[in-house]
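Undergrad: Okay, here's the structure, questions in a sec.
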Amino acid sequence: MKKLVLSDDEWRLRLTPDQFRITRRKGTERAFSGEYHDCKRPGIYRCRCCDRPLFDSETKFDSGTGWPSFSQPIDTGGIAEKDDRTLWMRRTEVVCALCDAHLGHVFPDGPPPTGLRYCINSAALKLDDGG
């Protein structure tokens, strides 16, 4: 898979300022403020930056955290995990494997069968619901 690499100026042309801050600068949105935190529509959640399919709505669940949460990605090769030691914490960052967009973090406190909670920023996603 060939990486999608664009300059900051090119990303800024494609994204809103908030989407750029979150996906390209590893930002986050406030809890309960994102477009998809309480979304129940079926479909495929794609990377906002490169359109790669990342999560199926069937794996989405209400974690009570204020961010869209998923128990597993569509394809484990579609995301990459990185060690994140910012903010005096140790977490696992989740990025798009194609374009390196910051998506959010994964935690080991999700529901069965995976036990994982992919806590993802709405601004890093776009829902393809067939509409």
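Where a number appears in this text, it was derived from the coordinates with a stated rule and is not lab data. Source: prediction; values computed, not measured. Counting neighbours? That spans all protein chains shown, and the Cβs are built from the backbone with ideal geometry, glycine included.
Undergrad: For the chain, modelled as a GNM with alpha-carbon contacts under 10 angstrom, which of Asp38, Asp109, Asp100 fluctuates the most?
TA: Asp109
Undergrad: Something else now. Treat the count of other C-beta atoms within 10 Å as a stand-in for reagent exposure and order Ile22, Ile74 from fewest to most. Display every interim value, and only then the final one.
TA: Details: Ile22 24, Ile74 18.
Going from least to most buried by this count: Ile74, Ile22.
Undergrad: In the range 1-52, which trypsin sites (Lys or Arg not before Pro) are in a loop and have at most 11 other Cβ atoms within 10 Å, using DSSP for the loop call? Numbers along the way, then the final one.
TA: Details: sites: Lys2, Lys3, Arg12, Arg14, Arg21, Arg24, Arg25, Lys26, Arg30, Lys40, Arg46, Arg48; in loops: Lys2, Lys3, Lys26, Arg30, Lys40, Arg48.
Listed in order of number, the matching sites are Lys2, Lys3, Arg30, Lys40.
Undergrad: Using the basic label-point model (7 angstrom from Cα toward the beta carbon), what is the Asp51 to Thr114 distance in nanometres?
TA: It works out to 2.4 nm between the two label points.
Undergrad: Arrange the following residues from fewest to most other Cβ atoms within 10 Å of their Cβ: Glu10, Glu58.
TA: On the way: Glu10 10, Glu58 13.
Least crowded to most crowded, the residues run Glu10, Glu58.
Undergrad: Compute the whole-percent fraction of alpha carbon pairs in the range 8-128 spaced more than 20 Å apart. Walk me through the intermediate numbers first.
TA: On the way: 2598 of 7260 pairs.
Here the long-distance tail beyond 20 Å is 36 percent of all Cα pairs in the range 8-128.
Undergrad: Just need the relative contact order of the chain here, percent rounded to a whole number, with Cα pairs under 8 Å and 6+ apart.
TA: On the way: 271 pairs, mean separation 36.8, N = 131.
Taking the mean separation of contacting Cα pairs over the length of the chain, I get 28 percent.
Undergrad: Also, quick follow-up: How would His102, His37 line up from fewest to most surrounding beta-carbon atoms within 10 angstrom?
TA: Numbers: His102 24, His37 19.
Listing His102, His37 from fewest to most nearby Cβ atoms yields His37, His102.
Undergrad: Rounded to the nearest 0.05, what FRET efficiency is calculated for Ala31 and Arg90 with R0 set to 30 Å and r the Cβ-Cβ distance? Please report the intermediate quantities before stating the final value.
TA: Working: r = 20 Å, r/R0 = 0.68.
The formula returns an efficiency of 0.90 here.
Undergrad: Let me know the charge dipole size of the range 8-128 about its Cα centre in debye, to the nearest 20, where only the beta-carbon of Lys, Arg (+1) and Asp, Glu (-1) is charged.
TA: For the range 8-128, the charge dipole is close to 240 debye.
Undergrad: Taking 0.36 nm per intervening residue step and subtracting the Cα-Cα distance, what contour gain separates Thr65 from Asp8 on full extension? It would help to have the intermediate numbers written out before the result.
TA: Values: separation 57, 0.36 × 57 = 20.52 nm, distance 3.04 nm.
My answer for the length gained is 17.5 nm.
Undergrad: Taking the chain as a Gaussian network, Cα atoms linked when under 10 Å apart, which of Thr86, Thr16, Thr114 shows the biggest mean-square fluctuation?
TA: Thr86
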